[in-house]
Amino acid sequence: MLKEKVCNYIDEIKDLLFEVSKEIHENPELNFEEYKASKLLAKKLEEANFKVKLGVADLETAIYAQHPNITEGKTVAILAEYDALPEIGHGCGHNLIATASLGASLALGKFKEEIPGKLIFMGTPAEEGGGGKIFMIEAGLFKDVDAAMMFHPSATLNMAGRGGLAVTTVRMEFFGKTAHASSEPEKGINALDGVVQAYNAISALRQHITSDARIHGVITDGGVKPNIVPDYAAAIYYVRALDDNYCQELVQKVHNCAKGAALSTGSELKFEIVGHSYKSRNVNKTLGNAFLENLKSLGVPIHPIPVGKGLGSSDIGNVSHEVPTIHPYLGISEKEINGHSRDFAKAAISEYGYKQMLNAAKALAMTAIDVFTDEKLVAEMNKEFQETRTK
Ligand SMILES: [Zn+2]
């Protein structure tokens, strides 16, 4: 059976996958600077005869690698992340994402003659805030994709179908007028007061938003010396919600808080959205269930999605409104650990973490085979996608 052959091949190349995973882990690279990781992945794909483009969508570290054996059928994109976090390195375990996707792609490539369709490995930089996938969507790289898939490490839970929040980053800057803070304070306009009043107004707003939403910010500039009335102050906020439209409504409300603060202090306000907004996560349940079935066939236990727990945000959200997408989780630790932590980074090179990475690679490859070969599943997947996507 094809699925069995593909899984056996992933076991055969496990040392290669461990090595690549370890090397990426030992050389953590931040947003858009993943030069070593992207080069290493591109090299491994090239060695397996993939047609590799390193540097696409104006991103030097993005990869678009296509298996040359193309036959009539569906197009499956297997996505890889490989960026790290400042100070804690691979505290989100993206080294395991990269090699699970590499393993799945190499195994599918190995037996491509037996599988109809088009296979693409997409290396997507800067998940941690840079939104590499959004650049790749805008470059049209997802236009012909029928299904996109990747796995993400979790602490302990194996699950599919967990959502994510839309997030928009805003910057507010207040411009005032300097004056001697003691001898002539009446001549100054205090920009810091603008930021502080906006901060307090937003804190009051927080009581009156839905419980899924999150508004959290930091003051980045607050003046230079107490005896100078600050003429410049600024803050950055993340505004998040489950619903994309509600997220934008909250951005407006945050803007109003800032406007009110500017009016009451007499300062000038500059309010802007920073970078790309991440959309909510529209994970495809039909395809997610196929992934879980494949995972079960490997003897991996499945856990329910915890209810009432906080959610994060990812640029996979934007992909999930473009094409049917899955972003399932596999636990990489046997005991509870925090996400974005040094413990998580340690788990990302642990024996158990590697074992789960291999399971993820196998389940991804098997789910891709489902998309290539199971018309009924694809029809259901597409129906769900049309009903759930927002444009
Ligand atoms: Zn992550």
Unmet criterion (only one of (1) away from the ligand (no atom under 16 Å from the Cβ); (2) in a loop (DSSP other than H, G, I, E, B); (3) farther than 21 Å from Gly123 by Cα) for Lys376: (2)
Only one of Glu60, Glu72, Glu87 that is assigned to a loop (DSSP other than H, G, I, E, B) and either within 16 Å of the ligand (Cβ to nearest atom) or in contact with a Phe, Trp or Tyr (Cβ under 8 Å, 6 or more places away or on another chain) (or both): Glu87
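For segment 344-356, which residues satisfy the criterion of being closer than 29 Å to Leu141 by Cβ and either in a loop (DSSP other than H, G, I, E, B) or free of Cβ contacts under 8 Å to residues at least 24 places away in the same chain (or both)? Step through it out loud before you land on a result.
Going through segment 344-356, the residues closer than 29 Å to Leu141 by Cβ turn out to be 348, 356.
Listed by number, the list holds a single entry, Ala348.
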Residue tally, condition under 21 Å from Asp212 (Cα atoms) and in a strand (DSSP E or B), over segment 247-272: 0
Residue match in segment 7-27 (condition: buried (at least 19 other Cβ atoms within 10 Å of the Cβ), out of contact with any helix residue (DSSP H, G or I) (no Cβ under 7 Å at 6 or more places or on another chain) and not polar (S, T, N, Q)): no
Matching residues, segment 321-343, being touching a helix residue (DSSP H, G or I) at 6+ places or on another chain (Cβ under 8 Å) and either in a strand (DSSP E or B) or at pLDDT below 95 (or both): Thr325, Ile326, Leu330, Gly331
Residue selected from segment 185-219 under the condition assigned to a strand (DSSP E or B) and loosely packed, with under 13 Cβ neighbours inside 10 Å, by the criterion nearest to the chain's Cα centre (by Cα): His216
Cβ-Cβ under 9 Å pairs, at least 6 apart or on other chains, segment 248-270 side among the small types (Gly, Ala, Ser), far side part of a loop (DSSP other than H, G, I, E, B): Ala261/Ser267; Gly266/Gly176; Gly266/Asn190; Ser267/Gly176; Ser267/Asn190; Ser267/Asp231
Hits in segment 126-148 (condition: away from the ligand (no atom under 15 Å from the Cβ) and not β-branched (Val, Ile, Thr)): Phe135, Met136, Glu138, Ala139, Gly140, Leu141, Phe142, Lys143, Asp144, Asp146, Ala147, Ala148
Inter-residue pairs, beta-carbon under 6 Å, first on the phi > 0 side of the Ramachandran plot and in segment 89-116, second assigned to a helix (DSSP H, G or I) and within 13 Å of the ligand (Cβ to nearest atom), 6+ apart: Gly89/Ala345
Given (1) within 16 Å of the ligand (Cβ to nearest atom); (2) not in a loop (DSSP other than H, G, I, E, B), number of the condition Ala104 does not satisfy: (1)
Condition broken by Asn359, with the remaining ones in (1) part of a helix (DSSP H, G or I); (2) in contact with a helix residue (DSSP H, G or I) (Cβ under 7 Å, 6 or more places away or on another chain); (3) of a type in the set (S, T, N, Q); (4) within 16 Å of the ligand (Cβ to nearest atom) satisfied: (4)
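Here is a yes/no grid of residues against (1) aromatic (Phe, Trp, Tyr); (2) in contact with a helix residue (DSSP H, G or I) (Cβ under 8 Å, 6 or more places away or on another chain); (3) more than 27 Å from Asp244 (Cβ to Cβ); (4) in contact (Cβ under 8 Å) with a residue 60 or more places away in the chain:
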| site | (1), (2), (3), (4) |
| --- | --- |
| Val145 | no, no, no, yes |
| Pro153 | no, yes, no, yes |
| Gly163 | no, no, no, yes |
| Glu184 | no, no, yes, no |
| Ala198 | no, yes, no, yes |
| Leu205 | no, yes, no, no |
Scan of segment 160-184 for residues that are part of a strand (DSSP E or B) and within 15 Å of the ligand (Cβ to nearest atom), ordered by number: Val167
Unique residue being surrounded by 22 or more Cβ atoms within 10 Å (Cβ to Cβ) and touching a Lys or Arg at 6+ places or on another chain (Cβ under 9 Å) when the list is Ala147, Ala155: Ala147
Every residue from segment 90-129 that is of a type in the set (Gly, Ala, Ser) and either buried (at least 24 other Cβ atoms within 10 Å of the Cβ) or in contact with a Leu (Cβ under 9 Å, 6 or more places away or on another chain) (or both): Gly91, Gly93, Ala98, Ala100, Ser101, Gly103, Ala104, Ser105, Ala107, Gly109, Gly123, Ala126
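If you check Leu205, Leu157, which single one turns out to be touching a Gly at 6+ places or on another chain (Cβ under 6 Å) and hydrophobic (A, V, I, L, M, F, W, C)?
Working: Leu205 fails: touching a Gly at 6+ places or on another chain (Cβ under 6 Å).
None of the others qualify; the one that does is Leu157.
The values are calculated or read from the model by the stated rules, or taken from the named source; none is laboratory data. Since the structure is predicted, the reported quantities are computational estimates derived from the model, not experimental observations. FYI the Cβ positions are ideal-geometry reconstructions off the backbone, even for glycines, and counts take in every protein chain you see.
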